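First up is the structure itself, then whatever we jot down about it.
The values are calculated or read from the model by the stated rules, or taken from the named source; none is laboratory data. Here the structure is a predicted model, which is why all the values come from computation and not from measurement. Here Cβ is always computed from backbone atoms with ideal geometry, including for glycine, and neighbour counts include all displayed protein chains.
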Amino acid sequence: MISRSTDQVFRFDFKHTELGWVKVTSMLYCRGFSEVLALQGKIYVFEGSDVCFGEVYDVSGNIWVPMCAPSIAECSEISHPVLPDSSRSRILVHFRADRSLYAYYYNDNSWAYDVLDKKWLPVKLLTEFSSHPPVGAPLIHLGNDKWCMVWHSYTLNCFEHVKFRMWNNGHGEIYAAVDGGHGTSASFRSADHEILMP
C-alpha cells in the first residue's frame, strides 16, 4: 500500500524467491494512489501525478517511457479498475466527468473514444459471494475469465480477497460465479503502513 507519492519500484520474482524484493529502475515521476495494470510484459501506470498522466514499464528492458494522455484527462479523473482487452490490443479506461469509456491502444501509444454499444451490460451472479468487497476495491484480471478483488479489512486487520469467473453468455449478459471463494492473507501493520508478507 502506498500512502504517499514515490517513484521507487521493486520486483519480486516468484521463480527466485531467495532474492527477495529487488529494486528496479525508478518511475519517471513520483506517484501515489495510481491505477496499475500488468499486460504482456509491461506495466501500465495511470494517474497519481500532477505532472504526467501515465507511464509504461518494459520489464525486459527495465525502462520507463511516458504515456500520452487523452484530452479528457485534463478535466477528469479515471475510475478504477482499468481493464485489459488483449484481443484488440487495448486497455479500457473509464473517465468520471462524462462517464465515457476510452480505449488506450498500447501498440501505438494512442487513445480513442470507445463507441461500441454505448451501454452497460447487466451482470448476473450465478453464485453468492460470501463476502462483499467495498466500493472501490481493485479488480484484478488473473487471466482468461478469472478475476479477483482485493481490499484491506480494518476490522480483521488483514487483506481480504474474493476470486470469481466472469464471461459473456453471447446474448448481451455477463455471468459471474465464485471460483475459489473468499480468503484472507497478509497481516497489516497500520502504524507504519507496512505489508507483512506471509
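Descriptive notes on the structure:
- Of all residues in the range 63-77 being farther than 15 Å from Val45 by Cβ and touching a residue at least 24 places away in the same chain (Cβ under 8 Å), the one that is surrounded by the most Cβ atoms within 10 Å (Cβ to Cβ): Pro70
- Among residues of the range 84-122 being at pLDDT below 85 and aliphatic (A, V, I, L, M), the one that is farthest from Met67 (Cα to Cα) is Leu121.
- Hits in the range 13-41 - residues which are closer than 21 Å to Pro84 by Cβ, of a type outside the set (Asp, Glu) and within 18 Å of the chain's Cα centre (by Cα): Met27, Arg31, Phe33, Ser34, Val36, Leu37, Ala38, Leu39, Gln40, Gly41
- Total residues in the range 35-91, condition touching a strand residue (DSSP E or B) at 6+ places or on another chain (Cβ under 7 Å), among the hydrophobic types (A, V, I, L, M, F, W, C) and closer than 26 Å to Val150 by Cα: 13
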